[in-house]
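This report refers to the structure that appears directly beneath it.
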Amino acid sequence: MDALSRAPDGAGVTHARVAALRSEAEALYLGTRPKTRAAAGAAAHLFEGVPMHWMTDWSTPVPLIIEQAVDARLRDVDGHSYDDFCLGDTAALFGHGPAPVAEAISRQANRGLATMLPSPDAAAVGDLLARRFRLPQWQIASTASDANRFAIRAARAATGRPRILVFDGAYHGAVDEVFVEIGPSGRTVNRPSLVGEPRDLSALTRAVPFNDLDQLEAALADHTVACVIAEPAMTNCAMVLPQPGFHEGLREITRRHGTLLLIDETHTLSTGPGGYSRRYGLSPDLFVVGKAIAGGIPAAVWGMSEETAARFKIARSNLPPGHSGIGTTLSGSPFQLAALRATLEQVATEAAYAHMEKLADRMEAGLAAILDTAGLPWHVARCGARVEIVRAPNPLSNGAEARRAHYPTVETAIHLALLVRGVLISPFHDMMLASPATSEEQVDHLISAMREVTGRLVG
Ligand SMILES: Cc1ncc(COP(=O)(O)O)c(C=O)c1O
């Protein structure tokens, strides 16, 4: 039990208790889900039995098969319901199938789904994005991974510089060049888990620790870095929040060295209607948000400041006609535009965020009280509607600390024990989201299930 052997002393979390919690939950899961078990056996022609290989990363012994997802509730093929706090790892931040989005896409289905031409919604979507995120120029992509790739390309074109910089421990989607970390030697290396990557990614990508402005300054000093790509708070490891002054320093240093700042708000859209950037007054040169931005259908957007767009335009105009390396066939489709417009106009509203924030307050207070009562040296971190239990006593500073706060054995036992109690949280760490469709009763259910599970862990 690798990670547990590093578990904080004095917490009373023992190997035996974690194993008992896990095996009891596993027996209950398998014993009460005959159709789920049968479905797993039937998926012989899906690689690893699932349509996307990381669906096996959940805590369940066989994949949970969801028959229906509505609002913040799921029902599996065996008829069990779940209060969903994972919400498709943010893709369903605004609830599953928000009615305005469902209506807009069904209306659009009768008018054409993929034309490779703008629909009448296009200009309205541009206006809505500009007003909401306060950047003047926008493009549509199909995934946040694509949007990040395109924004990085635009940054390189605009600056004429080859390199990019990423914070150690961050994730920005399936963007090849970003899959680096700080290795044991202190140098940037390819992530060891990366499959099929023959290149040394450190040739063009530098990694520095989040919250470390001195290392950032040193890494930008040779003026070869086109852009820094950053989440405003790191959400893809145990949550790491920016320390006071970090964002001001990041902006000042990048400007001084002529490096563009690309803020990826795919997860931190949980912070407010204009993301973390609007709530806390950041001023990125490039901006990306995907996942929930079109209510759960595959769409992402990337925006540019006036100056970045002008520089990008000049760089493009200096090239011969042909492939730019930016764009995919279905990007900017009428289907995406209809869903984007409905989400921006009717779903991701101020009122929706007020509800999310209120429920996240309730979640944060309830979870913190559980940790306190149990005497566990863990804490609750929060980014608007995104709440997380972090297995360290104090706020984390960077990716290395986040890796040390990751206890896979404990986490999967907790996740499965919650799941058999009808509560679903993120499979990757203890992340929970509040949507506009989430109710107080659901939050109370999460808290009581977490209290029971935590009680079992500490005895
Ligand atoms: C911050 C961030 N950016 C980008 C992505 C990529 O999103 P997608 O997988 O939808 O392309 C993710 C996915 O988790 C993410 O967390």
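The values are calculated or read from the model by the stated rules, or taken from the named source; none is laboratory data. Keep in mind that what you see is a predicted model, and the values were worked out from it rather than measured. Note that we place each Cβ from the backbone using ideal geometry, even for glycine, and neighbour counts take in every protein chain shown. Just the protein is used for accessible areas: all its heavy atoms, side chains included, with ligands, DNA and RNA removed. Shrake-Rupley method; radii C 1.70, N 1.55, O 1.52, S 1.80 Å.
Which numbered condition in (1) part of a helix (DSSP H, G or I); (2) within 29 Å of the chain's Cα centre (by Cα); (3) modelled with pLDDT of 95 or more is the only one that Ala27 fails?
(2)
Scan region 48-58 and tell me whether some residue there is open to solvent by less than 20 Å² (accessible area, probe 1.4 Å), closer than 25 Å to Met432 by Cβ and free of Cβ contacts under 8 Å to residues at least 24 places away in the same chain.
Yes, region 48-58 contains at least one residue that is open to solvent by less than 20 Å² (accessible area, probe 1.4 Å), closer than 25 Å to Met432 by Cβ and free of Cβ contacts under 8 Å to residues at least 24 places away in the same chain.
Conditions tested, residue by residue: (1) within 16 Å of the ligand (Cβ to nearest atom); (2) part of a helix (DSSP H, G or I); (3) within 19 Å of Gly290 (Cβ to Cβ).
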position	(1), (2), (3)
Ser106	no, yes, no
Met116	no, no, no
Val125	no, yes, yes
Ser145	yes, yes, yes
Ile152	yes, yes, yes
Ala157	no, yes, no
Val166	yes, no, yes
Gly173	yes, no, yes
Gly196	no, no, no
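Residues being of a type in the set (A, V, I, L, M) and within 16 Å of the ligand (Cβ to nearest atom): count how many of those fall in region 175-194.
4
Here are some conditions: (1) modelled with pLDDT of 95 or more; (2) more than 27 Å from Ala170 (Cβ to Cβ). Arg456 meets all but one. Which one does it not meet?
Unmet condition: (1).
For region 431-450, enumerate the residues that are open to solvent by less than 10 Å² (accessible area, probe 1.4 Å) and among the β-branched types (Val, Ile, Thr).
Within region 431-450, Thr438, Val443 qualify.
Under 9 Å between Cβ atoms, which residue pairs at least 6 apart in sequence (or on different chains) link something in region 199-217 that is of a type in the set (Asp, Glu) with a partner that is open to solvent by 50 Å² or more (accessible area, probe 1.4 Å)?
Qualifying pairs under 9 Å: Glu217/Arg256.
How many residues does region 342-369 contain that are more than 17 Å from Gly275 (Cα to Cα) and either loosely packed, with under 15 Cβ neighbours inside 10 Å or of a type in the set (D, E, K, R) (or both)?
So the count comes out to 5.
Might you check whether a residue that is surrounded by 23 or more Cβ atoms within 10 Å (Cβ to Cβ), of a type in the set (Gly, Ala, Ser) and within 17 Å of Ser277 (Cβ to Cβ) occurs anywhere in region 242-261?
Looking for residues that are surrounded by 23 or more Cβ atoms within 10 Å (Cβ to Cβ), of a type in the set (Gly, Ala, Ser) and within 17 Å of Ser277 (Cβ to Cβ), one finds none in region 242-261, hence no.
Could you please find all residues in region 30-54 being part of a helix (DSSP H, G or I) and within 30 Å of the chain's Cα centre (by Cα)?
Within region 30-54, Leu30, Thr36, Arg37, Ala39, Ala40, Phe47, Glu48, Gly49, His53, Trp54 qualify.
Being open to solvent by 40 Å² or more (accessible area, probe 1.4 Å) and of a type in the set (D, E, K, R) is the filter here, so list the residues in region 131-160 that pass it.
Arg131, Arg134, Arg149, Arg153, Arg156
Name, by its number, the condition in (1) in contact (Cβ under 8 Å) with a residue 12 or more places away in the chain; (2) more than 11 Å from the ligand (Cβ to nearest atom) that does not hold for Pro244.
Pro244 satisfies all of (1) in contact (Cβ under 8 Å) with a residue 12 or more places away in the chain; (2) more than 11 Å from the ligand (Cβ to nearest atom) except (1).
Name the single residue that is farthest from Ala102 (Cα to Cα) among those in region 65-81 being open to solvent by less than 50 Å² (accessible area, probe 1.4 Å) and under 21 Å from the mean Cα position of the chain (by Cα).
Only one residue fits best here, namely Leu74.
What is the residue count in region 127-143 for residues that are part of a helix (DSSP H, G or I) and either within 16 Å of the ligand (Cβ to nearest atom) or modelled with pLDDT under 95 (or both)?
Adding up the residues that qualify gives 1.
For region 208-244, which positions are touching a Leu at 6+ places or on another chain (Cβ under 7 Å) and not hydrophobic (A, V, I, L, M, F, W, C)?
Pro232
Anything in region 409-435 that is in contact with a strand residue (DSSP E or B) (Cβ under 7 Å, 6 or more places away or on another chain) and charged (D, E, K, R)? List them, or say none.
Glu411, Asp430
Quickly run through region 382-401 and pick out the residues that are surrounded by fewer than 23 Cβ atoms within 10 Å (Cβ to Cβ) and assigned to a helix (DSSP H, G or I).
Result: Ala400, Glu401.
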